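Taken together, the values in this text are just the output of simple stated rules run on the coordinates, not laboratory data. Just so it is clear, the model here is predicted, and its values are computed rather than measured. Methodologically, a virtual Cβ is constructed for each residue, glycine included, from the backbone with ideal geometry; neighbour enumeration extends over all protein chains shown.
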Amino acid sequence: MPKPPKIPAKPAKRKVAAKRLAPPEQARIAEIFRRFEEQDSDPRTELDYASPYELVTAVALSAQATDVSVNKATARLFKVADTPAKMLALGEAGLKPFIASIGLYNTKAKNVIATANILIEQYGGEVPLTREALQALPGVGRKTASVVLNELRIEPAIAVDTHVFRVAHRLGLARGKTPDQVEAELMAIVPDPLKTRAHHWLILHGRYVCVARRPKCEDCVVADLCSSKPLFVRG
């Protein structure tokens, strides 16, 4: 197996010091995540996959697309191309009809094929499960790498998409103005044993309960702990 190339070390990200929270706020945050855990002790991505390669591919395809649309496409795609070698053999032209229903499919097809080629040439057809190596793949940014590493329980990470961003702000867990800032704030306050699951709890809560236009506060298990509830519930 060829040795993977050395990846230049990136400057270390400045760590955000853990917030000094008042005891009542510490208790509130702990209770929020205790209730999420009680509701679902082992949350997982809603993307369908059967291997690290399928997971990386599905997550990359899901950018600016719904998990439902990606699952419909990959249900057909992975039957014919579930390895880098099969994907490379399919080629861009062969891949596009499978993912044409997904947004940005032309760019995504180019990236998926380029990634398959790199995996074969540099990693013997296996997915390198380190952050640096994943982020070096075409179309795989920090958020995608975080989702993959977290889903496979390799590295605790909280990928911040629109759902996580919204829920974190509404629950008063973060105030950052960018996804990176919110990620750093969440990583600083979520208890270590829960960090591999916090991303899924927040994204699923935002997807099905704390929805954008009209959150379903009546169905929310943490409504009494939410500082934003008065904005949506009158009387």
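Per-residue extension of 0.36 nm, minus the Cα-Cα distance of Glu46 and Leu231, leaves a gain of 63.6 nm for this segment. In summary, the aspartates and glutamates within cross-link reach of Lys143, defined as a Cα separation below 19 angstrom excluding same-chain residues under 8 places away, comprise Glu46, Asp48, Glu54, Asp67, Glu132, Glu151, Glu155, Asp161, Asp180, Glu183, Glu185.
Between the Cα long axis of helix 23-39 and the first principal axis of the chain there is an angle of about 50°, rounded to the nearest 10. In order along segment 201-213, the phi-based Karplus estimate (6.51 cos²θ - 1.76 cosθ + 1.60, θ = phi - 60°) of 3J(HN,Hα) comes to 4, 5, 5, 5, 5, x, 6, 10, 10, 8, 6, 4, 7 Hz; Gly and Pro are listed as x. Working from Cα pairs under 8 Å separated by at least six residues, relative contact order for segment 156-229 is 38 percent. With semi-axes defined as the square roots of five times the eigenvalues of the C-alpha gyration tensor, the equivalent ellipsoid of the chain measures 35, 21, 14 Å, largest first. Each of Ser69, Ser62, Ser227 was scored by other Cβ atoms within 10 Å of its Cβ. Listed from fewest to most, they are Ser227, Ser69, Ser62. One decimal place: the segment Ala89-Glu121 gains 10.1 nm when fully extended, by the rule 0.36 nm per residue minus the C-alpha distance.
For the peptides 89-96, 159-166, 121-128, the ranking by mean Cβ contacts within 10 Å, running from highest to lowest, is 159-166, 121-128, 89-96.
Seen through its C-alpha gyration tensor, with square-root eigenvalues sorted a ≥ b ≥ c, segment 52-151 comes out oblate because a/c lies at 1.5 or above while a/b is not bigger than b/c.
In terms of modelled amide H atoms, which long-range or inter-chain residues lie less than 5 Å from the amide H of Ser51? Placed amide hydrogens put nothing under 5 Å from Ser51.
Here the contact order of the chain, divided by its residue count and restricted to Cα pairs under 8 Å and six or more residues apart, works out to 20 percent.
How far is helix 105-123 tilted, in degrees, relative to the longest principal axis of the Cα atoms in the chain, given as a value from 0 to 90 rounded to the nearest 10? Tilt of helix 105-123: around 70 degrees.
First select every other residue whose beta carbon is under 15 angstrom from the beta carbon of Asp48; then total the charges, Lys and Arg +1, Asp and Glu -1.
Numbers: positive: Arg44, Lys72, Arg76, Lys79; negative: Glu46, Glu54, Asp67, Asp82, Glu151.
Once all neighbours under 15 Å are counted, the net charge is -1.
Placing unit charges on the Cβ atoms only, positive for Lys and Arg and negative for Asp and Glu, gives the chain a dipole magnitude near 760 debye about its Cα centre.
Computed from Cα positions, the angle between helix 52-61 and the longest principal axis of the chain comes to roughly 70 degrees. With Cα atoms defining each centre, segment 121-135 and segment 22-94 are spaced 18 Å apart in the structure. Extension gain, Lys96 to Glu37: 0.36 nm times the residue separation minus the Cα-Cα distance gives 17.3 nm.
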